[in-house]
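J.: Can you read through this structure? Questions will come right after.
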Amino acid sequence: MIRLEHVSKTYKTSTRPALDDVSVGIEKGEFVFLIGPSGSGKSTFMRLLLREDVPSRGRVFVADWNVAKLPRRRVPRLRQRIGCVFQDFRLLNNKTVAENVAFALEVIGKPRNDIRRVVPQVLQLVGLDGKADRMPHELSGGEQQRVAIARAFVNRPLVLLCDEPTGNLDPDTSQDIMLLLERINRTGTTVVMATHDHSIVDSMRRRVVELSLGRVIRDDARGVYGVGR
Ligand SMILES: Nc1ncnc2c1ncn2[C@@H]1O[C@H](COP(=O)(O)OP(=O)(O)OP(=O)(O)O)[C@@H](O)[C@H]1O
C-alpha cells in the first residue's frame, strides 16, 4: 500500500537530510507506529506520502501511484484516498459536528443524498451519535478528536495518517481513541501513526518503525517504544 524506496529529502534551508535513504514497505491493512525524537523525520515521511513535498532522491508509492511523478491535476485524487488526523483536531469551529464531517464529502462533490446517509453512520461508528448538532466547543477534546477521525474516515480512505492524534488528550481518553483507530484498522484501512506516546506504543504491540536523524534505525513487527533504554 505504501512503499518508500531509498528516499532522501533535504530541505533547501537545511544542511542535513530530513530523511536519509529510507526504504519502508507497508502492506494494506497494517497498523504502523512511526516513532523517533523531534526532528527525526516523521512529519517529512507523511508529507511525502501526501505529495506536500517531493523527495530529493528515491521513489514514493501509495497504492499504485508513483507519488512524486503524479501530475499536479491528479494530486487531489491521491489526497482523497488518504485521511489525516492531527494533534490539534483542526475542526471548523463555526460548523456542527455533522457539518464538519459532511464538509469533507461536499468538497469532493458527493451527492447530497449520499452525504445524508453516510454522515450518521460514521458518527455512530466513532461513538458520537446524539452529538451531531453540537458545535466543536461544546465537546471534550476526545470527542473533538472523534469528529476529526470521522471526517478523515467518512470517505473510506485507503490510508489513515495520524500525526500525534493523542498528543492533547489525557491517558484514558487516549486509550479510547486508540480503540477507535484499531476499529478503523480492522475495516482494512492502513493506519500510520506518528507518536511520542510510549505507553500507547507499548500497550498496542504493533509494528514500530523508528527514525533517528532521518534514518530507519528499527523496524519491529510487534514492537515497543524504547528497546534497551
Ligand atoms: N520545511 C522545512 N524546511 C527546512 N527544514 C525542515 C522543514 N521541515 C522540516 N525540516 C527539518 O527536517 C528535519 C525533520 O523534521 P520533521 O518535521 O520531519 O521531524 P519530526 O520527526 O516530525 O519532528 P516532530 O516530532 O517535532 O514533529 C528537522 O531537522 C527539521 O528541522
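J.: Might you work out the accessible area of Lys9 for me, using a 1.4 Å probe with all protein chains in place, and round it to the nearest 10 Å²?
T.: Counting only protein heavy atoms, Lys9 exposes about 20 Å² to solvent.
J.: Report, in debye and to the nearest 20, how large the dipole of the chain comes out about its Cα centre when Lys and Arg carry +1 and Asp and Glu carry -1 on their Cβ. Numbers along the way, then the final one.
T.: Values: 37 positive and 27 negative charges, 235 e Å.
Roughly 1120 debye, rounded to the nearest 20.
J.: Over the Cα atoms of segment 22-65, what is the Rg over Rh ratio if Rh follows Kirkwood? Please report the intermediate quantities before stating the final value.
T.: Details: Rg = 11.1 Å, Rh = 11.8 Å.
So for segment 22-65, dividing Rg by the Kirkwood Rh gives 0.94.
J.: Under a 1.4 angstrom probe, counting protein chains only, how are Ser38, Ser140 ranked by accessible area, largest first? Before the final figure, lay out the partial values.
T.: Details: Ser38 110, Ser140 60 Å².
Result, largest first: Ser38, Ser140.
J.: For segment 12-70 and segment 152-195, compute the distance between their C-alpha centroids and round to whole Å.
T.: 19
J.: A follow-up question, please. Residues with amide H under 5 Å of Asp20's amide H, sequence separation 5 or more or different chain, H placed in the peptide plane at 1.01 Å from N; which?
T.: Lys9, Arg215
J.: Any chance you could count the Lys pairs in the chain whose alpha carbons are under 24 Å apart, treating pairs 8 or more apart or on different chains as valid?
T.: Number of lysine pairs found: 10.
J.: Report the label-to-label distance for Asp114 and Ser199 in nanometres (one decimal), using points 7 Å from each Cα along the Cα→Cβ vector.
T.: 4.1
J.: Suppose only helical runs count, i.e. DSSP H with n ≥ 4. What mean residue ellipticity at 222 nm does that imply for the chain under -39500 (n - 2.57) per run, divided by all residues and rounded to the nearest 500 deg cm²/dmol? Could you put the intermediate results ahead of the total?
T.: Details: 7 runs with 74 residues, N = 229.
For the chain, the value works out to -9500 deg cm²/dmol.
J.: May I have the pair-distance distribution P(r) for segment 91-156, computed from all Cα-Cα distances with 10 Å bins from 0 and rounded to whole percent?
T.: P(r) over segment 91-156, rounded to whole percents: 25, 60, 15, 0.
J.: By how many nm would the segment from Phe86 to Arg74 grow when fully extended, if each residue of separation counts as 0.36 nm and the alpha-carbon distance is taken off?
T.: Stretched out fully, the Phe86 to Arg74 stretch lengthens by 1.9 nm.
J.: Stokes-Einstein diffusion coefficient for segment 1-125 at 37 °C in a medium of 0.692 mPa s, Rh from the Kirkwood formula over Cα pairs: what value in µm²/s? Can you show the working numbers first?
T.: Values: Rh = 16.7 Å.
It comes out at roughly 197 µm²/s.
J.: Can you bin segment 72-185 into rounded, prolate or oblate? Criterion: square roots of the alpha carbon gyration tensor eigenvalues sorted a ≥ b ≥ c, rounded for a/c under 1.5, prolate for a/b above b/c, oblate for the rest.
T.: On the way: a/c = 1.68, a/b = 1.24, b/c = 1.36.
Cα axes put segment 72-185 in the oblate bin.
J.: While we're looking at this one, here's another question. Sorting Tyr11, Tyr225 by accessible area (1.4 Å probe), largest first, what list results?
T.: Values: Tyr11 70, Tyr225 15 Å².
Accessible-area ranking of Tyr11, Tyr225, largest first: Tyr11, Tyr225.
J.: Report ³J(HN,Hα) in whole Hz for each residue of segment 206-217, in order, from the Karplus equation J = 6.51 cos²θ - 1.76 cosθ + 1.60 where θ = phi - 60°; Gly and Pro get x.
T.: Per residue, the Karplus-derived 3J(HN,Hα) values read 10, 4, 10, 10, 9, 9, 9, 6, x, 10, 7, 9 Hz.
J.: Continuing with the same structure: How are the C-alpha pair distances of the chain spread across 10 Å bins, as whole percents from the shortest bin up?
T.: 8, 32, 35, 20, 4, 0
J.: Describe numerically, in nm with one decimal, the distance between label points set 7 Å from Cα along Cα→Cβ at Glu99 and at Arg16.
T.: 4.7
The values are calculated or read from the model by the stated rules, or taken from the named source; none is laboratory data. Keep in mind that this is a model prediction, so the values were computed, not measured. Every residue, glycine as well, gets a Cβ built from its backbone with ideal geometry; the counts of neighbours run over all protein chains shown. Ligands, DNA and RNA are excluded from the accessible area calculation, which covers all protein heavy atoms including side chains. Shrake-Rupley method; radii C 1.70, N 1.55, O 1.52, S 1.80 Å.
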